[in-house]
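Everything below concerns the one structure shown next.
The values are calculated or read from the model by the stated rules, or taken from the named source; none is laboratory data. Since we're looking at a predicted model, the values are computed, not measured. All Cβ positions, even for glycine, are placed from backbone atoms using ideal geometry, and neighbour counts span all protein chains on display.
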Amino acid sequence: MARTEATRNIIVEETSPESSPSPQRTKSRRLKGYAASSGVVAGPCIVASSLEELARLPDGAILVYEAASPKLIPIIGRLRALVTEKGGSLAAASNCARENGIPAVVGVTGLMKSIHSGAIIRVDGLEGAVDIIP
């Protein structure tokens, strides 16, 4: 009985970023935290660092804030999504986000240095991930 063996040749071609012909498809940068409230939302974010800024937030904002603080509870119902640098999934703001069906990711290390107001982000509250979209 004759045995036939087939060999496949696979060619992998790599290009450096400088020679890449299509700059439209730039990869997003992913930050990880804790899943606090499920749901996925994308859009421009607002980075706030004071109570005054929180008071001026427009309805439907994707808020980036330093901590999942009880200070956020009065405004959570107006948000599209919440992302914080500090806090856990059992923080008061996390619980409030879940009760209101607002996607939330908390405890994202380095968040406040990584994102600026107006940046387009994708918040995945089930995965505990925030994608910064270029």
Restricting attention to segment 98-121, the residues that are within 20 Å of Ile46 (Cβ to Cβ) and out of contact with any Gly (no Cβ under 8 Å at 6 or more places or on another chain) number exactly 9
Mind checking which helices (runs of 4 or more DSSP H) fall wholly inside segment 18-134 and carry at least 3 residues that are at pLDDT below 95 and surrounded by fewer than 14 Cβ atoms within 10 Å (Cβ to Cβ)?
-> 51-55
Residues of segment 95-134 classified as of a type in the set (Gly, Ala, Ser) and under 17 Å from Ser49 (Cα atoms), total | 6
